[in-house]
Amino acid sequence: MAQVVFENVYKSYQKNGSDDSQPGGAVLRAINLRIHDGEFMVLVGPSGCGKSTLLRMIAGLEDITGGTISVGDRVVNALPPKDRDIAMVFQSYALYPHMTVYDNLAFGLRRAANQDDRTTVGKSMDGKSDSKSRATLHPAIETFVVEFSRKLPKGWQYVTDREREIDRRVRLVAQSLQIEGLLTRLPKQLSGGQMQRVALGRAMARNPQVFLMDEPLSNLDAKLRAETRSEIVQLQRKLGTTTIYVTHDQTEAMTMGDRIAVLNNGQIQQLATPLELYNRPVNRFVAEFIGSPPMNFIPVQVKAPLLIQGLGNEPGNEFRMTLMEKYEPLLAGYDGQDVHLGVRPEHFSYGVPAPKNISIQVEMTEALGSETYIYGRLINSSETISNINIPIVARVSADRDIRVGEIVWLSIAPDKLHLFDPGTGLAIR
Ligand code: ADP
Ligand code: MG
């Protein structure tokens, strides 16, 4: 197990470093990231932002244009993939078709044991080493005897200490991923979801320094995805292996990561714990990407020291809200300027008609029983659709029956709002 450190890493797919498709000439730029030993780190971002490239550079499948990547204490830039002691799972998986699930899970462990008898299997997971060993055979002879005796009935089989340790690990992983009942099957006797679990299990049964996972759940249906999500997290905690998990799905990121790095356009936007990201996004991109349904954004104008109001040129727009005092120093330079007010759907609640509240015309509702989502558009106080045409989604209590077309007043929790500079997109905080 090991920490993984990126120092000023760049990646360009073009030899001369100029990549016209990306501003700045590279698909990844100035990546600085320290992933702690044993941590579950999630890299999340939209398609094409560079997530897979980053992962493939750790594995050694892409070369590193600039900067260094270290695994443990070693800079791995020049190390071939097989020497990096890393296990990787991809979205599309390939199992060994002629091997049972059991042998697929054990494959990496057996190979590692054959390559180096001292490592990998000798370190049993709870730190105890099997010391009750018998007189040991030469590894090659032992492998032969094990293979040969596997065809015999159970009581006659020759089982080595290594094989016992492999068995323990295979069963732990199989149990965690709920594939114990499938151990004797061949891959062709499995569903897609089961195959993907076996592929995950095969990587996790090994005892590498680092697990890399590139959208491993995206082929699964929603229910299976949610289950497997928590199984991976629990198994990772048991094994304690540093894990870097890539996804475009913010729910996966929020539920799995110890910390999350949000990536966009080849750059890390924010690195934080899930709740920190949610509560204190550094910019509009993160604010919009994390959270579902996403944060609402309403353009407003600042009147120093503490007032925000509907954009001035909107006839009949009387929205005016006084902010909490902590905003006074932050807004000092914004008097008379436009900013974007950010409000998460759950930070609206039903309100009375008043200038401090907003009104929307409802276009769609989703009554979930426990709560209701209402989707609509901002209107101004003369009850015409606002000409700035802002969509709003609010999560409100379930006890009112809302109809499409209705006008609903909403109040904003003053301690939960966000403000963004419309030019830079940075949070004003
Ligand atoms: P993600 O995994 O976040 O969807 P990728 O890392 O696959 O993104 O890709 C990042 C960027 O690099 C994209 O613009 C993609 O088109 C480009 N890219 C990926 N692989 C190659 C390649 N082999 N050659 C050239 N460009 C590539
Ligand atoms: Mg990808």
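The values are calculated or read from the model by the stated rules, or taken from the named source; none is laboratory data. Fair warning: this is a prediction, and the values are worked out from it, not measured in the lab. Every residue, glycine as well, gets a Cβ built from its backbone with ideal geometry; the counts of neighbours run over all protein chains shown.
One table, with the values for the structure above:
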item	result
Residue satisfying all of: in the range 1-14; modelled with pLDDT of 95 or more and aliphatic (A, V, I, L, M); farthest from Leu212 (Cα to Cα) among these	Val9
Members of the range 209-223 found to be touching a Phe, Trp or Tyr at 6+ places or on another chain (Cβ under 9 Å), charged (D, E, K, R) and away from ligand 1 (no atom under 12 Å from the Cβ), listed by number	none
Filter result for Tyr102 (over 20 Å from Thr242 (Cα atoms) and within 16 Å of ligand 2 (Cβ to nearest atom))	no
Residue in the range 224-254 that is farthest from the chain's Cα centre (by Cα), counting only those that are closer than 17 Å to Ser176 by Cα and charged (D, E, K, R)	Lys238
Residues of the range 34-49 classified as surrounded by fewer than 23 Cβ atoms within 10 Å (Cβ to Cβ) and either within 9 Å of ligand 1 (Cβ to nearest atom) or part of a loop (DSSP other than H, G, I, E, B) (or both), total	8
Any pair with Cβ under 7 angstrom, 6 or more apart, that starts in the range 62-80 at a residue that is on the phi < 0 side of the Ramachandran plot and modelled with pLDDT of 95 or more and ends at one that is among the hydroxyl-bearing types (Ser, Thr, Tyr) and more than 16 Å from ligand 1 (Cβ to nearest atom)	Val75/Thr68; Val76/Ser70; Asn77/Thr68
Any hit, the range 271-286, residues being within 26 Å of Pro81 (Cα to Cα) and either outside any helix (DSSP H, G or I) or within 16 Å of ligand 2 (Cβ to nearest atom) (or both)	no
Unmet criterion (only one of (1) loosely packed, with under 15 Cβ neighbours inside 10 Å; (2) at pLDDT 95 or above; (3) within 16 Å of ligand 1 (Cβ to nearest atom); (4) farther than 24 Å from Arg225 by Cβ) for Gly17	(2)
Ser92, sole failed condition from (1) exposed (fewer than 15 other Cβ atoms within 10 Å of the Cβ); (2) more than 16 Å from ligand 1 (Cβ to nearest atom)	(2)
Qualifying residues in the range 20-29 (those that are more than 14 Å from ligand 2 (Cβ to nearest atom) and either modelled with pLDDT of 95 or more or of a type outside the set (Gly, Ala, Ser) (or both)) - the one surrounded by the most Cβ atoms within 10 Å (Cβ to Cβ)	Arg29
Residue within the range 200-218 that is part of a helix (DSSP H, G or I) and over 25 Å from Val71 (Cα atoms) present	no
Residues of the range 60-88 classified as within 13 Å of ligand 2 (Cβ to nearest atom) and outside any strand (DSSP E or B), total	2
Test set (1) out of contact with any Phe, Trp or Tyr (no Cβ under 8 Å at 6 or more places or on another chain); (2) within 16 Å of ligand 2 (Cβ to nearest atom); (3) farther than 21 Å from Arg259 by Cβ - Leu109 fails condition number	(2)
